[in-house]
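Below: the structure, in structure tokens.
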Ligand SMILES: Cc1cc2nc3c(=O)[nH]c(=O)nc-3n(C[C@H](O)[C@H](O)[C@H](O)COP(=O)(O)OP(=O)(O)OC[C@H]3O[C@@H](n4cnc5c(N)ncnc54)[C@H](O)[C@@H]3O)c2cc1C
């Protein structure tokens with residue numbers, strides 16, 4: 001097992017970084033599930049130059065580096081060793097060219113949608129109700145039955161694992177279900193190709209989809225979106241419900257009564273309880289239907 005970096009090593013990697021730096025910072029408040037222990041150090045880069053510095057410093061010091069948007073992850077209870085970056089300050093957005101929007105990676109999808117609506121630009125209505133960042137959305141190829149990130153992504157503003165910034169054209173990338181095959185590195189922004197549309201049409205699609213979510217998903221309790229990917233030709237929620245697992249709980253972690261492919265935190269669930277519940281659901285669905293469900297969530301942090 002790799003030894004955790006010392007404070008001195010971390011400090012060295014972060015010299016010249018201008019963004020906000022917080023030592024031993026709890027990560028639960030940064031996650032939509034409200035679980036997870038502290039980061040050795042949490043950094044909120046002030047600009048992309050900071051990201052370049054951090055990537056280079058981490059590489060030089062062999063320090064693990066994690067980017068956290070926080071809405072599709074479970075951070076383990078012991079937290080994350082090394083440097084965790086949150087892009088809360090990388091939130092610039094503009095219409096750079098006709099119908100081409102450039103968004104920094106830290107912009108939340110709902111804000112991107114508001115921006116597009118304000119300019120009567122259509123193409124990302126599928127993102128209604130997805131709370132993640134543009135960076136996470138690109139990395140995950142986020143989407144719904146209305147569409148996916150791949151449909152509008154023109155190019156990715158990217159920082160390689162060597163700390164070099166480059167533009168990657170979307171047509172050179174492979175997109176899978178909830179995964180974009182990117183080189184090792186970090187998304188710092190994205191160019192999106194949208195189209196002109198009537199404001200009312202955009203609003204109506206968005207409103208309908210938000211209504212659908214509200215009636216089918218447990219949006220009033222902390223969660224991290226769909227727990228499992230849908231297996232080919234079936235739905236994870238249907239299988240979990242058919243296995244009689246709705247309402248199964250461990251402490252405050254519960255398989256949602258509203259949507260079986262959501263696990264909610266009813267108060268003070270730990271990451272360990274949530275992950276035990278995930279294991280139970282997976283085992284029982286495998287036993288009953290012979291289907292091995294694949295996690296959509298990313299599980300990160302120290303065991
Ligand atoms: C209520 C709710 C509903 C949701 N509904 C949907 C839905 O309908 N469809 C859907 O697809 N998702 C949904 N999600 C999940 C989530 O919002 C998306 O997957 C989102 O794209 C994740 O973005 P994030 O910024 O939170 O990334 P995180 O959850 O922090 O990270 C997800 C993965 O992306 C990587 N990543 C994050 N940022 C970057 C970056 N800048 N550069 C490189 N890699 C990065 C992380 O390392 C990790 O592997 C939902 C979540 C919630 C809470």
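Structure above, values below:
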{"quantity": "Theoretical FRET efficiency, 1/(1+(r/R0)^6), r = Cβ-Cβ of residue 302 and residue 150, R0 25 Å, to 0.05", "calculated": "0.15"}
{"quantity": "Least to most buried among 85, 44 (fewest other Cβ within 10 Å first)", "calculated": "44, 85"}
{"quantity": "Candidates 198, 239, 219, ranked by Gaussian network fluctuation over the chain, Cα under 10 Å, top entry", "calculated": "198"}
{"quantity": "Proxy reagent accessibility, fewest Cβ within 10 Å first, across 6, 66, 144, 15", "calculated": "15, 6, 144, 66"}
{"quantity": "Distance (nanometres) between label positions extended 7 Å along Cα→Cβ at residue 232 and residue 172", "calculated": "3.1 nm"}
{"quantity": "With eigenvalues of the C-alpha gyration tensor scaled by 5 and rooted, segment 219-300, Å", "calculated": "19, 12, 12"}
{"quantity": "Cα→Cβ-extended label distance, 7 Å offset, between residue 3 and residue 199, nm", "calculated": "6.1 nm"}
{"quantity": "Relative exposure of 288, 154, judged by other C-beta atoms within 10 Å (fewest first)", "calculated": "288, 154"}
{"quantity": "Cα shape, segment 1-101, gyration tensor, a/c 1.5 rule", "calculated": "oblate"}
{"quantity": "Surface/4 of the Cα convex hull for the chain, nm²", "calculated": "15.8 nm²"}
{"quantity": "Nitroxide proxy distance, nm - points 7 Å out along Cα→Cβ at residue 95 and residue 242", "calculated": "4.7 nm"}
{"quantity": "Shape category assigned to segment 125-251 from the gyration tensor of Cα positions, a/c cut at 1.5", "calculated": "oblate"}
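Quick note: the coordinates plus some simple rules give every number you see, no bench work behind them. For clarity, every value in this text was computed on a predicted model and none was experimentally measured. Every residue, glycine among them, receives a Cβ derived from its backbone with ideal geometry; neighbour counts consider all protein chains shown.
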